[in-house]
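The values are calculated or read from the model by the stated rules, or taken from the named source; none is laboratory data. Because the structure is a prediction, the values reported are computed rather than measured. We place every Cβ from the backbone using ideal geometry, glycine too, and count neighbours over all the protein chains shown. Protein only, heavy atoms only, side chains kept; ligands, DNA and RNA dropped before computing areas. Shrake-Rupley method; radii C 1.70, N 1.55, O 1.52, S 1.80 Å.
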Amino acid sequence: MEITQLRYFMAVAKTGKIVTAADNLFVTPPAISTSIAQLERELGVQLFTRHANRLQLNKQGEIFLGYVEAILKSINRARTEIQESIKSGPQHISVAVTSSNLWIDLTAAFSLEYPHFILTTGTMATSDLLAGTFSSRFSFILASDGDLTPKLMDECNSLLLFYDRPAVMVHKSHPLAHRDSLSLLEISRQKLIWPRTNPNFTEKYYQLFRDNGIPIPVICTYSYLICQSMVAQSAAVALTTMHAQNACMEDFRFIPLEANDTQWAQRMYWRGDRPLSDAELSFRDFMIEYH
């Protein structure tokens, strides 16, 4: 069984047609047909049900597709990590974040002070968070309490950076913009949106409503840029945190929520099984001084 066979199989499973799969993969239809036939012989089962000019996965094919998708995803991630490891050197720092808008001010300040270092950031995949893995691509993870699994936290060193508070972002022309604080009940009557972020951020807000006995309102999720655009037009109120205002334009106001002094700890994590490079030590020390 070869990787090419798996790719051909998945292409046919997704399109239902050998000709379309061949066109997408820039190969000939006979090459796809031969590969599928060899794969079925090796597995000892039929994977498709033939209906006229269309192929449909049968039960065995659906089972096999799940494993194929996992295999190909792992291979692609391995390729990415290998390429990133080639780029990494003593002057390179790679940071994973769970909420990118919280760290824009930090990364900008570090790059200004250490222009000779290469600092890259990437959003931590939800699948990695839930699986409790620390990708070798990253030197550090910047995350809230509860974002990482207990097992992963036990394997890492950590540093408390700051405490953040729940807040809403409104445009300065919004009727609520003059307020110093807002209650959860008040904002539950607004059209609420929030930027796409890790699932724990969503759960934190849901828990706030539950703890205060307020029915969870309908909250729509958009990209951060779309959220900013909607707030700029006073079309919605965005759920966020107070620290996020450090990376925002002056046209927006961040109003803290009256939520029983709720605070969310933001921490930096790094693996405890390897020493930090000089560049990574510089980044860690900068974080301590910055916050």
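Please verify whether segment 101-115 includes one or more residues that are modelled with pLDDT under 90, surrounded by fewer than 17 Cβ atoms within 10 Å (Cβ to Cβ), closer than 27 Å to S277 by Cβ and touching a Leu at 6+ places or on another chain (Cβ under 9 Å).
First, pick out the residues of segment 101-115 that are modelled with pLDDT under 90: 101-115.
Add one more test, that the residue is surrounded by fewer than 17 Cβ atoms within 10 Å (Cβ to Cβ), and what stays is 104-105, 108-109, 111-115.
Those left that are additionally closer than 27 Å to S277 by Cβ: 104-105, 108-109, 111-115.
Then drop every residue that is not touching a Leu at 6+ places or on another chain (Cβ under 9 Å), which leaves 111.
Within segment 101-115, one or more residues are modelled with pLDDT under 90, surrounded by fewer than 17 Cβ atoms within 10 Å (Cβ to Cβ), closer than 27 Å to S277 by Cβ and touching a Leu at 6+ places or on another chain (Cβ under 9 Å).
With the condition kept exactly as written, say whether any residue in segment 4-27 is on the phi > 0 side of the Ramachandran plot and surrounded by 14 or more Cβ atoms within 10 Å (Cβ to Cβ).
Within segment 4-27, the first condition is being on the phi > 0 side of the Ramachandran plot, and the residues that meet it are 16, 26.
Now drop any that are not surrounded by 14 or more Cβ atoms within 10 Å (Cβ to Cβ), which leaves 16.
Checking segment 4-27: at least one residue is on the phi > 0 side of the Ramachandran plot and surrounded by 14 or more Cβ atoms within 10 Å (Cβ to Cβ).
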**OP:** For segment 254-291, name all the residues that are in a strand (DSSP E or B) and either free of Cβ contacts under 8 Å to residues at least 60 places away in the same chain or open to solvent by less than 80 Å² (accessible area, probe 1.4 Å) (or both).
**Re:** F254, I255, P256, L257, W264, A265, Q266, R267, M268, Y269, W270, R271
**OP:** Kindly provide the set of residues from segment 199-221 that are surrounded by fewer than 14 Cβ atoms within 10 Å (Cβ to Cβ) and among the basic types (K, R), ordered by number.
**Re:** R210
Subject >> Of all residues making up segment 144-183, the number that are of a type in the set (A, V, I, L, M), in a strand (DSSP E or B) and either open to solvent by 20 Å² or more (accessible area, probe 1.4 Å) or without any contact (Cβ under 8 Å) to a residue 60 or more places away in the chain (or both) >> reply: 2
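I'm checking my understanding of the structure. Among residues of segment 222-242 that are closer than 18 Å to L142 by Cβ and modelled with pLDDT of 85 or more, which one is most open to solvent (accessible area, probe 1.4 Å)? It would help to see each step written out before you state the result.
First pass over segment 222-242, keeping only residues closer than 18 Å to L142 by Cβ: 224, 240-242.
Checking the rest, the ones that are also modelled with pLDDT of 85 or more come to 240-242.
Details: T240: 11, T241: 5, M242: 42 Å².
Among those that are closer than 18 Å to L142 by Cβ and modelled with pLDDT of 85 or more, it is M242.
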